[in-house]
Each structure stands twice: as structure tokens, then as C-alpha cells.
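Trainee: Sharing a structure here in C-alpha cells format.
The numbers here are math on the coordinates, done by the rules we state, and not lab data. These numbers were taken from a predicted model, which means no experiment stands behind them. For neighbour counting, all protein chains shown are included, and Cβ atoms are generated from backbone atoms with ideal geometry for every residue, glycine included.
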Amino acid sequence: MHSTRRARTDDARLNKPARLTEAGSTRWRSRLWPLAIFGAALMIRLIYLWQSAANPTFTTPVMDSYDYDDLARALLDGHQPHTPLLWQPVFYPLFLAGVYKVAGGSILAARILQVALGALTCALTYMLGVRVIGRRAGILAGIIVALYGPLIFYDADLTATGWAAFFAVAFVLLFIRCAAGFQPVSDSRGPGSQPASASCKTSFRPVSLPASLALGACAALSILARPTFLPVVIAGALWLVYRACRNAKAGFSRLQTPKTKGSGEADPYVTGRSSLKVLAGGLAGFLTITVPLAACSYPRTGHSGLLPASGGINFYIGNNRNAAETIAARPGRDWRALEDLPARHGVHGDMWKQQRFYYAETARDVWHAPLGFVRGLAVKAVEFFTSRELPRSEDIYVFRRWSPLLSALLWKIGGFGFPFGVLLPLALIGLIRHGRRIPAPFWFMLILYPAAIILVFNAARYRAPLIPIIAVIAAGGALTIAEALRNLRWTALAGYGAICALVVAASTLPGPFPTEQVNYDAELHLLLGNRYNHEQKLAPAIEQFKAGLQFDSNNPDLHANLAKALLALERLDEAIEHYAAAVRLRPGSALNHTLYGLALFQRGDIERAIEEYRRALEIEPGYGKVWSQLGVALEQSGRLDEAIDAYRRGVQASPNEVIIHYNLGAALAKRGQLESALNALQAALAVDANYIEARYELALVLQRLGRNAEAAAALQDVLARQPDHAAARRLLSQIRGETPRRP
């Protein structure tokens, strides 16, 4: 008997270290995998960053990236930004400003920090996959996100997309951690394991306060980065309140019922305190971010809200009666027409008034055509789940030519796009297989975030933050198919194959959609050329415009902007050639006819210039400056009466344009209508008292009227503002010689 007891003791001693070693090995692997995924994802993103350095937008951002970059620099140096604070979501320009402050304005530093953040998102995706489905699904999900081409691109892009993906995963992880209000300490079996026996005593660990604070802060930051997270946050907050109320009610019931010793039930006081801690901590974390930011933004914007003012125009673009056209509106004339819409309806003022106008206009359209609105939502839902990456301000496929890595991980053949065309059917299979074990916070993100995007409009960069969430269930789907293959379950494999075929067809066949019918290669060079043109870098601007014409020789904007740059360099013949192409390709543009006329006028072709000005005014009769330019051309050709008539019509169209009043006054003075000239010049100075030439012309008219004292006073004003005005000094000396001096 003693020998048997000794043998069992020896066995126990032998087995105990083995179990400890196995547990330690499991813990080590659980820590190694996220590090390995992070390292691999970081290396992949750094390779892409190195390859894409040849991309001309790498150091010269355009479109939204330019707006963010410009606003971040404005926050540091105080210059007037291209777009005001809170026009776009506020988080990203603040982040960029912080990076620029530390790194001396380095765009490369911002990109490197963002790709590191993208690698961290991959590691968090692994953790989310482990939590929701299991370790193998977590590993596969992390690998999917690490190799996902669109996310690699957006992690290095100067937009908030990479941050939004990070916040999506972090928010769901924290939400799952805090949702129950307490965690079983003794239950380390992982997700999906069977619960402990009811007769087993279980201890409970309340959710830590830092976790709930982090949840609230993450919720606030996600909204500040992408307002489309707002429905997810609201639904999550309501669900937590519901859980807290349910816990409180259950706790009260347990207090009324004597507990059986060893029943394993949680202490109602513990569960109640945990629920309150989650709610209070989450609210405190949310307010810690939002309150100081609102207090800082109010002096700058006069607005204490934190949602961007661009929400109004974006909602209008995606839901008005002509949404198919406005969604495809391009930078330049189309976008200016959208921005000018409030002014054309008599709405003037700050961007918040304009925001309310766009919401009201959209509501009016929805009220008058509800079926059209519902049909538009259905179309946008199809767009959201298309396998291709829909462009918005930029087309991600254009940037493949600068990176072989991106070319391998992102491509499309016909209507099929990789990788989303593969990820989507796997995700559906994963939902079918693992849907019951997916926690509520995961469902909130999976359903409400796409709904918020569809309610506005779609683009690849708006869908990208959801990819890590989809990757988790897609990993579950891939493992389900692998299991069926391993076990030779042919019926199940046939079903999975049918699902994949149907989903691929549904995500491939619709389209092309309006935003896909744009030559984005040409537009990229147009945007770069405009950026260089704005910075007075005319040679590289001309180079970009010409490069764009190689992709689209029939683009009127490229011709017009190239002509403008050539005109600034006084290369008149080349400028006129491209202006002629611009008006031929877009005959309805008053601006192109005007600029064409200006180039012709500078070359001395006055009659053809007059013809182009008149064509511009046929298109847009209220274009006051064109009436003025027409008057100058008519005056140059000796048709002074016609010129005076053109100036007068220009004053009627644009009464606040000082140059038109001045031109009218000078022409009337030349005609000899001095009193009328005096009135016109005084009107010019009423618009701009510092307009020197109008004040000098006024002195000339006053002298001709014999009002020398007034003329001398006007000339003294001219010299006070511009002491080196030689003509004014000579005329003043002449007037003083004619005016008798008092003894």
C-alpha cells in the first residue's frame, strides 16, 4: 500500500512540471504571435513606403491629404488654411500637427508613424480573432490584415483611414472586455468553452477602471476621426446601460433570495459596482477627450460641436435627387458648383449655416421623392459590397504603378477586385459557421458602421476601417472550409462553393458605378499641376499638365490649366493653342472663353478677343469682370461708346468690383463726361479707398473741372499711400503752381 502511494506521488511530481511547462509554452506562444504579426506587417508596410517614395504625391499631397497637411501646418504657424478647422473631422489634422511639431514638419515621419500604427492594428486583429473565434482564426485574421493591399496603402496615406481602422478594432476589443461588467478569474479556457458547473465556486474580477476609461476615450477619438462611428458608439452606450440595468435588477432579485453555499453565483454588489464602473469610466473617458477639445475649438470656430461642417454637403451629395451626378463631381467646376449652391439660394455666412442648408435641401428632396431615396440607399448598399475599391478623391489603383508590392496585393480583372472579392464570401461563410458566438459589440460594428457609410456615400477609404472586423469572420470561414476539406465533407464543400460563387457574382457584376467612370491617372496629374501652379512653380506644373494629357488628351481642365501656366510665362502661342482646345472640348464654360479671350488680347488679336468675351457673356450674362474686359478690348479698338456701355453693364452685374467702376470712370473722362466720371470714380473709392489709380484719376477729373484744391487733396492722399508715385507728384506741383498762395 505504501509503495502504491509513493508511486502515485512520484507520478504527480513528474506530471506537474510537464503541465507547468505546457502552460508556460502556451503563454509564450500567445505573446509571440502578436509580436510576429506586428513585425511582419511593419516590414511589409515599410517596403511599400520605400517603393512609393517615387510617387509624386509622396511629398506633395493633393486633395484631402493637402487639406489635412495645410491645416496641420496652419495650426503651428498661424497662416490662413485652405479649409477652416472643423470643416473636416478634427482628429487627423491635430495628430499631424503634433507629429510636425516634434519632427519639424516632416511628412515622412508622419507616414512612418502611421505604418507602425497599421502594424499594431494587425496585432490587435489577431487578439480580436482569438477573443471571438479562437487562436487559429486570430493568427489568420492578423495575416490577412497584414497583407491586405488597400489597408497597406491607406496606412501610409495622409488621411485618417489608418487611424479609423485602428480605432475600429480597439473599440470592439475594449467593448468586449467591458461588456459583461465582470470577468471570471478562474475560467481561462478561452472563448467558446463550456461554462463551469453551477455547483463549482467561481470568483469574479470586476472590470478595471482603466479599461472603461480607455473604452470611452477610444469612442470619442473614433468619432473625431470618422463621424460614421457615431451610430456604433451610441448603440454600444445604450447596450451598456441596458446591461447595467439588467445586472442591477438581477442583483436585487438575488438579494431577496438566500444563496446556497457553494452555488457559484456572483456577488450582486460586485456585479452592480462593475456595471457602474464601466458606465462611469466610459463617460469619464469620453468627456476627457471631448470637453477640452470643444473648449479649445470654440474660440477659433465659434462652434462648440465636434462633428465636421462638411457633413451637410456630404449628406447632400449622396442623397439629393441628382445623387448619381453629385457623387461623381470632380474637383474644379463641378465641386465649385456644389459649394456655391447655398449662395445661389441666398444663404450666406459661416459654414454652419451652409451645413444646415444642405441638410434642409436633402430633407426636402427625400420628402418629395421617398422612393428615390430608398432606391438610392439600395444602390449604395450594392456599392459598399462591390469587390472593387471605389475611388473618391483618388483612385487607389492608380498608385499601383509606383509599387510592385501594392500591384501584387491589389488588382482587378474586369469587374472582380482582389482582395475584397475573396474576403467577402469567406466572411459570409464565417458568419454562418460562427455567428452565434460573435458578441454583441462585434455585431454593432459589423452592421451599424456600414449602415452609416451607406446613408452618406461609398468610397474605398470609408470601407477600409471595417476590413479588420471582416477579416476575423473571414478567417473563421477559411478555417471552416479547410476543416471540410480535411474531413472530405463533399456536401458541405459544395454548399460553400455555391455561396462563394453567388457572392463573387453579386459583388462583381454590378457597375461600373459613377465614380469609376473617371480617368484618375489624368486627374492625378491635374491635381499635382494645380498644386504647383498655386505655389508659382510653373515649370513642374506644366510638366504635370502635359503628363496628364498623355492619359487623356480630351480633358478640357488639363488644357485650360496648362494654358494658364503657359500664359503666366508669356508663351502666348502655346497658351492660345490649349485654350482653343479647352473651349472646343467644353464650349459651355464661360471661364474658358474668358481666359481664351484674355490670351488673344495679350497677343494683340483684339477682334477675336472681343468675340470670345461675348461668347462668355452669352453663357453667363452676370459675369461682371468679363463685361469689364470686354470694355477694355472695345476701348482698345476705338469703340469707346460700346466700351462705356459694357462697363455700365459690368457695374450692374458686379457693383462691388472696384476695377469696373474705375474703368467706367476713366472711359467717361476720356469721352468728356466729367461729372459722370467723377461719380464713377467716387463709387470705386467707396468700394476700395486704397485703390491708388482710381484716386489719381479722380484728381485728374477734379483738375479738369477746375476744382484744384480738391484735386490737390486727392493727390496728397495718393502720395501718402504711395510716396513714389511720380505722376501724382508732378501733377501736384503743377496744381500748386496754378493755385495762388495766400500772403
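Trainee: Determine ³J(HN,Hα), in whole Hz, for all residues of segment 212-224 in sequence, where each value follows from phi through the Karplus function 6.51 cos²θ - 1.76 cosθ + 1.60 and θ = phi - 60°; x replaces Gly and Pro.
Mentor: My calculation for segment 212-224 gives 5, 4, 5, 4, x, 5, 5, 4, 5, 5, 5, 5, 5 Hz in order.
Trainee: Remind me, relative contact order of the chain in percent, using alpha carbon pairs under 8 angstrom and six or more residues apart?
Mentor: For the chain, the relative contact order is 10 percent.
Trainee: Using the Cα gyration tensor of segment 320-461, with a ≥ b ≥ c the square roots of its eigenvalues, what is the shape: rounded (a/c below 1.5), prolate (a/b larger than b/c) or oblate (neither)?
Mentor: oblate
Trainee: So how tilted is helix 91-103 from the main axis of the chain? Cα-based, degrees 0 to 90, rounded to 10.
Mentor: 80
Trainee: Right, here's the next one. Among 116-122, 473-479, 676-682, how do they line up from the highest to the lowest mean number of other beta-carbon atoms within 10 Å?
Mentor: 473-479, 116-122, 676-682
Trainee: Could you give the nm distance between label points at T491 and T59, where each point is 7 Å from its Cα heading toward the beta carbon?
Mentor: Each label point is offset 7 Å from its Cα along the Cβ direction, giving 6.5 nm.
Trainee: Between Y242 and V518, what FRET efficiency follows from the Cβ-Cβ distance if R0 is 45 Å, with the result rounded to 0.05?
Mentor: Once rounded, the FRET efficiency stands at 0.45.
Trainee: Another one. Counting only C-alpha contacts under 8 Å and six or more residues apart, can you give the relative contact order of segment 341-452 as a whole percent?
Mentor: 17
Trainee: Would you calculate, for the chain, the mean residue ellipticity at 222 nm contributed by helices, counting each DSSP H stretch of 4 or more residues as -39,500 (n - 2.57) and dividing by all residues, to the nearest 500?
Mentor: It comes out at -24000 deg cm²/dmol, rounded to the nearest 500.
Trainee: Treat every Asp and Glu Cβ in the chain as -1 and every Lys and Arg Cβ as +1, leave all other atoms uncharged, and give the resulting dipole magnitude about the Cα centre to the nearest 20 debye.
Mentor: Approximately 4520 debye in magnitude.
Trainee: Whose amide H sits under 5 Å from the amide H of G417, counting only residues 5 or more places off or on another chain, with H placed in the peptide plane?
Mentor: Those qualifying (amide H under 5 Å, at least 5 residues apart or on another chain) are S387, R388.
Trainee: Does segment 27-129 classify as rounded, prolate or oblate by the C-alpha gyration tensor (a ≥ b ≥ c root eigenvalues; a/c under 1.5 gives rounded; else a/b over b/c gives prolate, otherwise oblate)?
Mentor: prolate
Trainee: So for the pair S733, V291, with labels modelled 7 Å out along Cα→Cβ, what separation do we get in nm?
Mentor: Placing both labels 7 Å along Cα→Cβ, they lie 7.2 nm apart.
Trainee: Per 0.36 nm of contour for each residue apart, how much would the distance between E675 and H534 grow if the chain were fully extended, relative to their Cα-Cα spacing?
Mentor: Full extension from E675 to H534 adds 46.5 nm.
Trainee: Could you give the length gained on full extension between A686 and L455, defined as 0.36 nm per residue of separation minus the Cα-Cα distance, in nm?
Mentor: Additional length available on full extension: 78.3 nm.
Trainee: Scan the chain and report its longest stretch carrying no trypsin sites (Lys or Arg not before Pro) that are both in a DSSP loop and have at most 10 other Cβ atoms within 10 Å.
Mentor: The longest such stretch corresponds to 262-740.
Trainee: Let me ask something additional. Round to the nearest 10 and give me the degree value, 0 to 90, for the angle of helix 490-508's Cα axis relative to the longest principal axis of the chain.
Mentor: 10
Trainee: Under the 0.36 nm per residue contour assumption, what length would be gained going from the current alpha-carbon distance of I413 and L46 to full extension?
Mentor: Roughly 129.4 nm would be gained on extension.
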